[in-house]
Amino acid sequence: MKTETAAEQHPAKGERQHRLASSAYWVEAVKKWLWIIVRFVLIFGISFVILYPILLKLSISFKNMNDLYDPTVIWVPRTLTLENFKLVFTAMNYPSILMNTMFLSSVVMILQTITCVLAGYGFARIKFRGSNLLFAGVVFTILVPSQTIMIPLYLNFKNFDLFGIIELFRGSPINLINTYWPFIISSMLGMGVKTGLYVYIFRQFFRGIPREIEEAAYVDGAGYFTTFRKVILPNAIPSMVTVMLFSFVWQWNDSFFTNMYLNEPKVMSSMMSSSGYAIATHLSGGGAAALSLTQDPFFMSMMMNTSVLMAILPLIILYLFVQRHFVESVERSGLVG
């Protein structure tokens, strides 16, 4: 004997259930598409706010003088030109400044990574009396404005001495101002730019590594430093990549300490603060025509935008090459999640 289903026994009830299921489906579909639209608007808006200055500088850098005074030219120049880049390239002594900045940022990046990975591992694994208080001091360095320690740091490197030993042999302290030594010494001793943040990143990463991995290495006969070098460091590559990229970019962009330690514009960030003067000085040697250009605010604004674009261009190229590895390292290092 054939058995009837519930829908066949109660047609009205089955139709009502079908309508409810259909309504629920469309409600979920509408919610899904609304969320997609909202997410797109938010991402597009935030991306535009971030990219707008770069796009504006890119547009201005390729314009010539006629495009500056043409009200119909907004984004796309009528005539693309590379003369602005050539002028800034020569006026800023770009190759020398670029090599100096690459050298300084790379050295600081390597020294800060070595110092911070050791400090972070120590705070994560070695417990001693006052360790939490000492780590709180490290975190406190993130919050302290650099301006509060500006004068002591400057005087320390202007009259640099090591427990009186240098003055004993030389007769006077060493003046390290206008050299790269303040950056190198600060990075070696854990006082570089954003060092407290890097130590915090390493500490949080090492706390997430199971202790059983180290204990297994100890059982196999590995010593403390051997375990750190052969077991811990290979697992810490994601956090190391994150810290290295942060350190390189922040040192590249740092203008506070570079202007404080360097009297001459030797690196990119300090050059930016005097790029207008450098361009005007370069043009003033060209006679009356060049002098009129230096007095034109629109032309100087165009040169300044070009110089800023050339300053950040190496970082943009670096990001294009390492962005996939950087995103993966940030996810694995525990900064997001």
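The values are calculated or read from the model by the stated rules, or taken from the named source; none is laboratory data. In this text, all values refer to a predicted model and were calculated from it rather than measured experimentally. Reconstructed Cβ throughout: ideal geometry from the backbone, glycine too, with neighbour counts over all protein chains shown. With ligands, DNA and RNA removed, areas are computed over all heavy atoms of the protein, side chains included. Shrake-Rupley method; radii C 1.70, N 1.55, O 1.52, S 1.80 Å.
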Which pairs do you get when a residue that is of a type in the set (A, V, I, L, M, F, W, C), found in the range 170-189, comes within reach of a residue that is open to solvent by 50 Å² or more (accessible area, probe 1.4 Å), reach meaning Cβ atoms under 7 angstrom, with the pair 6+ apart or on two chains?
Ile177/Lys158; Ile177/Asn263
Checking the structure you have, find out if any residue of the range 150-158 is at pLDDT 85 or above and part of a loop (DSSP other than H, G, I, E, B).
no
Do the conditions hold for Ile177, that is, is it more than 21 Å from the chain's Cα centre (by Cα), under 23 Å from Lys266 (Cβ atoms) and not in a helix (DSSP H, G or I)?
yes
Looking at the structure I just gave you, is Ile165 within 29 Å of Phe103 (Cβ to Cβ), without any contact (Cβ under 8 Å) to a residue 12 or more places away in the chain and open to solvent by 70 Å² or more (accessible area, probe 1.4 Å)?
yes
Among the residues of the range 180-200, how many are of a type outside the set (Phe, Trp, Tyr), open to solvent by 80 Å² or more (accessible area, probe 1.4 Å) and either in a helix (DSSP H, G or I) or closer than 18 Å to Ser270 by Cα (or both)?
1
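Does the range 67-98 hold any residues that are surrounded by 17 or more Cβ atoms within 10 Å (Cβ to Cβ) and in a loop (DSSP other than H, G, I, E, B), and which are they?
Across the range 67-98, the qualifying residues are Pro77, Met92.
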Residue set Thr90, Thr115, Thr141; condition at pLDDT 90 or above, in the same structural domain as Met268 (by TED's automatic domain parsing) and polar (S, T, N, Q); output residue Thr115
If the requirement is being of a type in the set (A, V, I, L, M, F, W, C), assigned to a helix (DSSP H, G or I) and farther than 21 Å from Met188 by Cβ, which of these qualifies: Met240, Met260, Met244, Met272?
Met272
Out of the residues in the range 201-221 meeting the condition of being surrounded by fewer than 20 Cβ atoms within 10 Å (Cβ to Cβ) and among the aliphatic types (A, V, I, L, M), tell me which one is nearest to Phe157 (Cα to Cα).
Ile209
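For Val107, indicate whether it is open to solvent by less than 30 Å² (accessible area, probe 1.4 Å), in contact with a helix residue (DSSP H, G or I) (Cβ under 9 Å, 6 or more places away or on another chain) and either assigned by TED's automatic domain parsing to the domain that holds Pro265 or part of a loop (DSSP other than H, G, I, E, B) (or both).
no
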Is at least one residue of the range 24-31 assigned to a helix (DSSP H, G or I) and within 21 Å of Ser307 (Cα to Cα)?
no
